[in-house]
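Asks: Pasting a structure here, questions to come.
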Amino acid sequence: GAAEYTLVTVVVDESGSTAGFKQEMEACIQEVVKSCKLSPRNDYLMIRLVAFDHNMREIHGFKQLVDCDLADYDNCLNAGGSTLLYESARNAISATAAYGKQLNDADYDVNAIVFVITDGMDNESGSIDASSVGEALKDAMAAEDLESIMSILIGVGVGHYSGVSTY
């Protein structure tokens, strides 16, 4: 009987450049889930997990926090391939906003948080750039289906690879 939901989307870079950080990124996903479980509003949280390299793949769609077992995130990433960062982030924000619209249309108040875990490289998104991600955030708020949307960028190995921090 919830009157509101917070949608949590975690977008994780599993491209080859992050292979050395696979365990740390999986631990980060678990920390996000643990933190959500500590929230006094945890009964009203739904989580979606998306991973990307040169393609996006949904590890799981939005599901109630109570159905998220931390062990499910052990060995959930498959490192390899090039990086579709900007397109994946934009897609995740748009999909979160679209699901928020469905909930809003059903008379729920909806907030959203999008976590992006990446080393910052992008060599596959083509004409989609960081400003396109920012526009997706603006569009999500302008549609007024979400009460709020917050984005959190978690950097992995920044400075570890030549040129990564310039993206």
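Asks: Cβ-Cβ distance below 7 Å, separation of 6 or more or different chains: which pairs start in the stretch 93-114 with a residue that is touching a residue at least 60 places away in the same chain (Cβ under 8 Å) and end on one that is of a type in the set (D, E, K, R) and part of a strand (DSSP E or B)?
Replies: Y108/E4; D109/E4; V110/E4
Asks: Taking the stretch 31-61 as the region of interest, how many residues are of a type outside the set (G, A, S) and buried (at least 18 other Cβ atoms within 10 Å of the Cβ)?
Replies: Step one: list which residues in the stretch 31-61 are of a type outside the set (G, A, S), which gives 31-34, 36-38, 40-50, 52-60.
Now drop any that are not buried (at least 18 other Cβ atoms within 10 Å of the Cβ), which leaves 32-33, 36, 44-50, 52-53.
Summing the residues that are of a type outside the set (G, A, S) and buried (at least 18 other Cβ atoms within 10 Å of the Cβ) in the stretch 31-61 gives 12.
Asks: Out of the stretch 75-134, which residues are of a type in the set (K, R) and within 15 Å of the chain's Cα centre (by Cα)? Lay out the reasoning, then the answer.
Replies: Within the stretch 75-134, the first condition is being of a type in the set (K, R), and the residues that meet it are 90, 101.
Within the stretch 75-134, just R90 meets the criteria.
Asks: Considering the stretch 11-30 alone, what residues qualify as being open to solvent by less than 10 Å² (accessible area, probe 1.4 Å) and of a type in the set (A, V, I, L, M, F, W, C)?
Replies: V11, V12, M25, I29
Asks: Mind checking which residues of the stretch 66-78 are open to solvent by less than 50 Å² (accessible area, probe 1.4 Å) and either modelled with pLDDT under 95 or closer than 24 Å to M121 by Cα (or both)?
Replies: If the condition is that a residue be open to solvent by less than 50 Å² (accessible area, probe 1.4 Å) and either modelled with pLDDT under 95 or closer than 24 Å to M121 by Cα (or both), then Y73, C76, L77 are the ones that fit.
Asks: When the residues of the stretch 1-10 are filtered to those that are open to solvent by 40 Å² or more (accessible area, probe 1.4 Å) and not hydrophobic (A, V, I, L, M, F, W, C), which remaining residue is nearest to A140 (Cα to Cα)?
Replies: The initial filter retains those residues of the stretch 1-10 that are open to solvent by 40 Å² or more (accessible area, probe 1.4 Å), namely 1, 3-4.
Keeping just the survivors that are not hydrophobic (A, V, I, L, M, F, W, C) gives 1, 4.
Values: G1: 25, E4: 17 Å.
Once the filter is applied, the top-ranked residue is E4.
Asks: For residues that are within 26 Å of A27 (Cα to Cα) and in contact with a Lys or Arg (Cβ under 8 Å, 6 or more places away or on another chain), scanning just the stretch 93-130, find the one that is surrounded by the most Cβ atoms within 10 Å (Cβ to Cβ).
Replies: T96
The values are calculated or read from the model by the stated rules, or taken from the named source; none is laboratory data. Everything numeric here is computed off the predicted structure, so don't read it as measured data. Here the Cβ is made from the backbone with ideal geometry for all residues, glycine too, and neighbour counts use every protein chain on show. These accessible areas exclude ligands, DNA and RNA; they are computed on the full protein's heavy atoms, side chains included. Shrake-Rupley method; radii C 1.70, N 1.55, O 1.52, S 1.80 Å.
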